[in-house]
């Protein structure tokens, strides 16, 4: 099986799991995986990420342009490419829309304090307070990527949220990126619940 | 496969997905698809929309009358027919009952501001504030349809809610109508959550 | 297939659907169906209702005693038998434990006003206000049944809740009892959400 | 089938059920079962508990050391071993992370009063008020186990929670441990909801 086909299989599986959790409503969300030093596989624009077939995953260069003419990669492709360009260990990037991420990002800053699950991001202890960066939404993705880049270089975060939009997480493989997405969404759901009870 | 059978297959699939989300409790909800200029396929009255079989989908004229004598189309058939009559691109109409739609519609007006997901309805940017029309429930469906019609003609909405009842959404196909339903229910769930946290 | 085996198949299916919604945690809940004028099929005590096999469904007389010696019917069998005894049309009774039913019953009286879904219980319009009776929990089931009986005879309710415990619903068949259970749980979830937003 | 393989099959099944409820995000959670007087089967560290295969379950002695060299048992193995050592009837131990357990444990003491479901833990009546012990999280698991031991010996609880982390429950078999986990998570969800409505 070609590396593109392998990536397509993994991404379709991740998409199904995200769909089961309600994280890819309609044609929202996008998923990608690294194929080699210069190429990534990413979901096409305008397809339901919970029901991906091989034809829905296309090859894209690190500058965001599709390998095959006429194919339309995800609108947010540059946000994926940025992560592969900056961080050699990144093997996959997942972007979903959850109610928790959307609502919390509209309510103010987000941070996680004393949660055991934070160890999913490499911390040795729960006794930390970690901020989740929140960026203003922007239809100009190139401009948004420029805004995010210094922060990524200064201190790689556990992921980030685009206000009123959704989260970006990444990992060494599609499977590991999905684990980190699950952990991040779990933390967001805890924060949402925590703010409701007095 | 006849166009009726094709429609039945798509509608049964959409019904299963709606059921998995809890949007068709009991025999609530109704789903339809356009067959040709004068005919639609719609779910019968009194069946569980999450477990549809071909016999549960019947042909109905645009005036709401069943093609075959003795068949009982959905009670809300005229609300479906209205959309096919007014908007040529409409290929499918979905009506479900969600807790979020029911509760929010009973609490007052509903609008969505700065949500990325609003782009699912054709907007180019998230920087919009879109109202979701709320209509008083009415057992006289013909009268309800008359009330709704001027609004539909003046400015086609992203969908609408009947107070204490549920949403109506539509799209160019059953699949696209389902994507818009998922997006609308996502927005409603966000609004519900947003109003709970201070 | 014998009537017992038929009932077992339907009840196992209903149990799986209730389990998917989280309504039969552990070995909680019980499900039954009428076999003939003097016999019902009911789930045994101490089994997970989401994973029923034929051997988990036993025959019981309308007085609550098991047909086969040594079999242990559900602890709440008399509450089922009461409904079959009083109401000839009842073909199935379902009892589940939902978070909404448990929490609301502990918070005070419960009623549903202007909900479209109330029509699932035979009302012609949504413009009604229907009380859901709440009874104090009691480990003496015979005593509890005696307390409930006059109310059932005076005005058959849409179902009832035992405080801190769960709902009882019924219908002409297992399928129709399940539809009414779904509708009732939907109403309870709406009430729970309604009381949270201001 | 060897006892290890049998245990692996049961644990994988329990893991899938926990995953369906969102209780094992990422590589969180751990599951074990008793094999004989001196050996338990426990999930390896760093695997997704919702997708366990036989190779993910390893044999460990009651002192926490892996039988096979090089295998890495769960970080929290000593908490499992403690329960098998102290309580002969314990056949399985399940640890998951739920939003309810995490959030409530961070909000203060937890107790359950007048819930019917408490009978899942052996009580004869709902008319009890049962505390769920909450322990401060600690990356030094041996130290945490030492802190918990006197309480376990003084009065075996229905389970316990580690603050900001998750619950530990146990039972005579994997199936019965899962039933108790479902019941405990149901109670926690009720408490979470109860504190939100006034």
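Quick check: is even one residue across the stretch B:50-57 closer than 25 Å to residue B:143 by Cα, in contact with a helix residue (DSSP H, G or I) (Cβ under 8 Å, 6 or more places away or on another chain), modelled with pLDDT of 95 or more and not in a strand (DSSP E or B)?
no
Would you pick out the residues in the stretch D:140-198 that are over 15 Å from residue D:93 (Cα atoms), more than 9 Å from chain C (Cβ to nearest Cβ) and part of a loop (DSSP other than H, G, I, E, B)?
D:140, D:155, D:163, D:164, D:165, D:195
Among the residues of the stretch C:58-72 satisfying the criterion of being within 24 Å of residue C:25 (Cβ to Cβ) and surrounded by 13 or more Cβ atoms within 10 Å (Cβ to Cβ), which is modelled with the lowest pLDDT?
Residue satisfying both the conditions and the ranking: C:71.
Checking residue A:24 against (1) crowded, with 21+ Cβ neighbours inside 10 Å; (2) more than 14 Å from chain B (Cβ to nearest Cβ); (3) more than 18 Å from residue A:78 (Cβ to Cβ), which test does it fail?
Answer for residue A:24: the failing condition is (2).
For the stretch A:111-135, give me each residue that is in contact (Cβ under 8 Å) with a residue 24 or more places away in the chain, within 14 Å of chain D (Cβ to nearest Cβ) and not in a strand (DSSP E or B).
A:115, A:117, A:118, A:120, A:121
Pull out all pairs, ordered by first then second residue, where Cβ-Cβ is under 7 Å, the residues are six or more apart or on different chains, the first lies in the stretch B:38-61 and is more than 13 Å from chain C (Cβ to nearest Cβ) and in contact (Cβ under 8 Å) with a residue 24 or more places away in the chain, and the second is outside any loop (DSSP other than H, G, I, E, B) and surrounded by fewer than 16 Cβ atoms within 10 Å (Cβ to Cβ).
Filtered contacts from the stretch B:38-61: B:38/B:61; B:39/B:61; B:54/B:5.
Would you check if there is a residue in the stretch C:5-22 being touching a helix residue (DSSP H, G or I) at 6+ places or on another chain (Cβ under 8 Å) and not in a helix (DSSP H, G or I)?
Yes, the conditions are met somewhere in the stretch C:5-22.
Mind listing whichever residues of the stretch A:148-169 are farther than 19 Å from residue A:100 by Cβ and surrounded by 13 or more Cβ atoms within 10 Å (Cβ to Cβ)?
A:148, A:149, A:151, A:152, A:156
Could you check residue D:86 against (1) modelled with pLDDT of 95 or more; (2) surrounded by fewer than 19 Cβ atoms within 10 Å (Cβ to Cβ); (3) touching a strand residue (DSSP E or B) at 6+ places or on another chain (Cβ under 8 Å) and say which number it fails?
Residue D:86 satisfies every listed condition except (3).
So residue B:40 clears everything in (1) within 26 Å of residue B:16 (Cα to Cα); (2) part of a helix (DSSP H, G or I) except one condition, right? Which one?
(2)
Considering only residues of the stretch D:62-96 that are within 14 Å of chain A (Cβ to nearest Cβ) and in a strand (DSSP E or B), which is nearest to residue D:189 (Cα to Cα)?
Within the stretch D:62-96, the match that is nearest to residue D:189 (Cα to Cα) is D:96.
Would you check if residue D:45 is within 29 Å of residue A:21 (Cα to Cα), modelled with pLDDT under 95 and in contact with a strand residue (DSSP E or B) (Cβ under 7 Å, 6 or more places away or on another chain)?
The answer is yes for residue D:45.
Can you find a residue that is away from chain A (no Cβ under 14 Å), within 15 Å of the chain's Cα centre (by Cα) and not in a helix (DSSP H, G or I) anywhere in the stretch B:97-110?
Scanning the stretch B:97-110, I find at least one residue that is away from chain A (no Cβ under 14 Å), within 15 Å of the chain's Cα centre (by Cα) and not in a helix (DSSP H, G or I), so the answer is yes.
The values are calculated or read from the model by the stated rules, or taken from the named source; none is laboratory data. Just so you know, these numbers come straight off a predicted model, no measurement behind them. Don't worry about glycine lacking a Cβ; one is built from the backbone with ideal geometry, like all the others, and counts go over all protein chains shown.
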